[in-house]
Amino acid sequence: MKKIIWLAAGIMITVTVTESKAQTSYLSLGPVGSFGHSWTNNMGAGDGYFKPSPALGIGMMFSMREHWGFGTQLLVSHEGYAHEARLNGFMYDRMVNPVYLRMPMTVNYFFGRYGNVVRPRLYLGPSLGLKIDEQEDADLMGADVSYHASDEFRTFDVGIQGGAGVNIRMYRKTWLNLDAGYYQGLLDVSDRRGESDYNTNSNLRLNVGVLFGL
């Protein structure tokens with residue numbers, strides 16, 4: 001697992017260094033976090049249950065031109081779904097929480113000009129996910145049950161994410177990034193035996209980051 005983490009970090013650094021050598025760019029780095037709602041299509045979807053979906057990690061951004069930039073992040077992301085299930089004729093609340101090491105990569109379009117205190121932006125790009133943990137929580141007739149599992153979600157996930165937000169300059173070379181984004185998985189993530197539906201991850205999140213210019 002450490003090798004995978006170092007490999008992902010190496011990819012981020014290599015891309016950044018390559019682009020920086022190729023052209024003058026404004027590079028920034030800092031912590032990022034998000035919170036929202038996740039669901040998995042055809043696996044509890046439509047039950048109306050809220051599934052908390054937090055993520056935390058580190059992000060990079062560099063501006064290739066005044067209106068364009070490339071962003072990437074390395075996140076520990078909690079996803080999955082929540083629904084009402086049946087056991088021996090009894091209904092109970094169930095939540096499945098796969099944890100991914102996720103690496104989104106986005107192309108960003110910035111409105112406004114260099115030097116503006118506030119710059120709205122739009123972004124779109126692919127997102128790669130590697131499952132590093134899976135946990136299930138259930139409320140069985142008032143008793144909370146929680147255990148680690150590994151047989152509901154597959155190891156890899158790939159999808160597309162996009163959104164809109166705003167960058168606010170707080171200090172010299174220090175930016176507060178706020179945005180709202182939607183992620184749509186493209187792969188069937190279900191590893192359940194006998195499953196015939198095509199199950200994809202989805203989530204809606206509010207994202208916050210503080211990036212420091214280097």
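Readers should treat all values here as calculations from the given coordinates under stated rules, not as data from a laboratory. Owing to the predicted nature of the structure, the values given are computational and were not obtained by experimental measurement. Quick reminder, even Gly has a Cβ in these numbers, built from the backbone with ideal geometry, and neighbours come from all protein chains shown.
General remarks:
- Cα-Cα separations in region 98-139 greater than 16 Å, expressed as whole percent: 61 percent
- As a proxy for reagent exposure, 83, 148 were ordered by neighbouring Cβ count within 10 angstrom, fewest first; the result is 148, 83.
- Working from label points 7 Å from Cα in the Cα-to-Cβ sense, the residue 133 to residue 91 distance is 3.2 nm.
- Fewest-first sequence of 94, 169 by Cβ atoms within 10 Å of each Cβ: 169, 94
- Length gained on full extension, residue 214 to residue 186: 6.6 nm, using 0.36 nm per residue less the C-alpha separation.
- A simple spin-label model places the labels of residue 111 and residue 171 2.9 nm from each other, with each point 7 Å out along Cα-to-Cβ.
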